[in-house]
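Just so it is clear, none of the values below were taken in a lab; they were calculated from the coordinates. Only a predicted model underlies this, so the values are computations on that prediction, with no experimental measurement involved. Cβ coordinates were reconstructed from backbone atoms using ideal geometry, including for glycine residues, and neighbour counts include every protein chain displayed.
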Amino acid sequence: MKTNTKHLGIVTKKFNDFFLVDFKNQENFGNSEPFLCKVRKSINFKDQLIYVGDEVVIDNLDLKSKRAIITSLKKRKNLLTRPSVANISNIFIIFSVEEPELNLSQLNRFLISAESIGVEVSLVLTKCDLISNKKRLFLIDKFQKWGYQAITLNLQKSDYFKYFLAELKQKECSIFMGPSGVGKTTLLNMIIPGLQNRTASVSHKIKRGKNTTRNVELFSLSNQSYIVDTPGFNMQPLEIDIKLLPNLYSEIYKQVIDEGIRCKFRNCLHLNDAGCNLNKSFERYSFYKEMIESFKSHYYQNQED
């Protein structure tokens, strides 16, 4: 049975020239399995590629074989790189408190990199079973001063994980970001049962050899809620105007916007600028200074080249 009715969908996996697409409105089809789609040959999306997370319009639905044709691409909100995924709504920065030991400078770089993308950023601390409750509360208080309500995970206590999962299900499309060894893969395997065995069915549909490589893929957590499985995903490159960097630090943004402090010059970078009125007593100020100096050094080096 075929239908020419157009439907809005979201690309959940890219597989060679094929795409798996979920309906954005699942109510019309129940918990339908994704449709296997190709792009209509006559369509030119202005030389744009289609990425996992993109919203697309599909037509020519074959309800029996679960195949369809992508006829248009919706404007995306954002696009991450390494690997590529579109339309992220939330980034969860994952860091362990021990094994490996918490590196505050590295954590700050991850947070600022995530903030530069312009989506909601959350902090998750794993392996909290390796520290005392006193230390856990100390870290929660520390990061609250950074501007983040840290989620702490102790996998020996199921309530911690249930709270975290409930939080994820409230988000439209979440992604984990963090260094190696902090527990991202463990969390994904708990959130997405059978994660390691999800590629065989796609290979069977396409009638090609099995592809066991884990590429970028969206998994549904609840109605209209997804999480991205991104093997090898790490920190995004920080490519912004140096003048915008202060806005990415909540401690600076709060003083300027909420408290209304005014420096002598509008483009004050809050270093040793004349007439700077910023209160620099917050913990992350040393990290902020390092980033500003690094930006300046990179700029002057490019000028010389």
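Residue by residue through the range 143-152, which ³J(HN,Hα) values in whole Hz follow from phi under the Karplus form 6.51 cos²θ - 1.76 cosθ + 1.60 (θ = phi - 60°), with glycine and proline marked x?
6, 5, 6, 6, x, 10, 8, 5, 8, 9
Please list, by residue number, every one of the GluC sites (Glu not before Pro) in the range 97-180 that is coil in DSSP and has at most 10 other beta-carbon atoms within 10 Å.
Working: sites: Glu98, Glu101, Glu115, Glu120, Glu167, Glu172; in loops: Glu98, Glu101, Glu172.
Loop-located and lightly packed - Glu101.
As I understand it, the dipole of the range 85-229 uses +1 on the Cβ of Lys and Arg and -1 on the Cβ of Asp and Glu, about the Cα centre. Which of Ser220, Ala166, Gly147 lies farthest toward its positive end?
Final value for the positive-end residue is Ser220.
Using all C-alpha to C-alpha distances in the range 85-229, build P(r) with 5 Å bins and read off the rounded percent in each one.
With 5 Å bins starting at 0, P(r) equals 2, 9, 18, 21, 20, 14, 8, 5, 2, 1, 1, 0.
5 Å is the cut-off here: which amide hydrogens, built 1.01 Å from N in the peptide plane, fall below it relative to Val56, excluding neighbours closer than 5 in sequence?
Result for Val56 returns Gly9, Ile10, Val11, Lys74.
Step through the table entries Lys145/Lys169; Lys134/Lys162; Lys127/Lys243; Lys145/Lys264; Lys169/Lys280, compare each Cα-Cα distance with 31 Å, and write down the pairs that go over it.
Details: Lys145/Lys169 26 Å; Lys134/Lys162 22 Å; Lys127/Lys243 37 Å; Lys145/Lys264 26 Å; Lys169/Lys280 37 Å.
Beyond 31 Å: Lys127/Lys243; Lys169/Lys280.
Which Rg and Dmax, in Å, describe the Cα atoms of the range 242-304?
In order Rg, Dmax, the Cα atoms of the range 242-304 give 12.1, 40 Å.
Any idea what the dipole of the range 85-229 comes to, in debye rounded to 20, about its Cα centre with Lys/Arg Cβ at +1 and Asp/Glu Cβ at -1?
Working: 18 positive and 12 negative charges, 94 e Å.
Charge dipole, the range 85-229, about its Cα centre: 440 debye, nearest 20.
How would you rank Cys263, Cys128, going from fewest to most other Cβ atoms within 10 Å of each one's own Cβ? Numbers along the way, then the final one.
Details: Cys263 16, Cys128 23.
Arranged by neighbour count, lowest to highest, Cys263, Cys128 become Cys263, Cys128.
Within 10 Å of each candidate Cβ there may be at most 13 other Cβ atoms; applying that plus a DSSP loop requirement, which chymotrypsin sites (Phe, Trp or Tyr not before Pro) in the range 250-282 survive?
Details: sites: Tyr253, Phe265, Phe282; in loops: Phe265, Phe282.
Here the chymotrypsin sites (Phe, Trp or Tyr not before Pro) that fit, given the DSSP loop and packing criteria, are Phe265.
Quick check on packing: order 9-19, 69-79 by the mean number of other C-beta atoms within 10 Å, highest mean leading. Walk me through the numbers before you get to the answer.
On the way: 9-19: 19.3, 69-79: 15.8.
Descending mean neighbour count gives 9-19, 69-79.
Give the long-range amide H neighbours of Asn78: residues separated by 5 or more places, or on another chain, with amide H under 5 Å away, using H modelled in the peptide plane at 1.01 Å from N.
Long-range HN contacts for Asn78: Asn87, Ile88.
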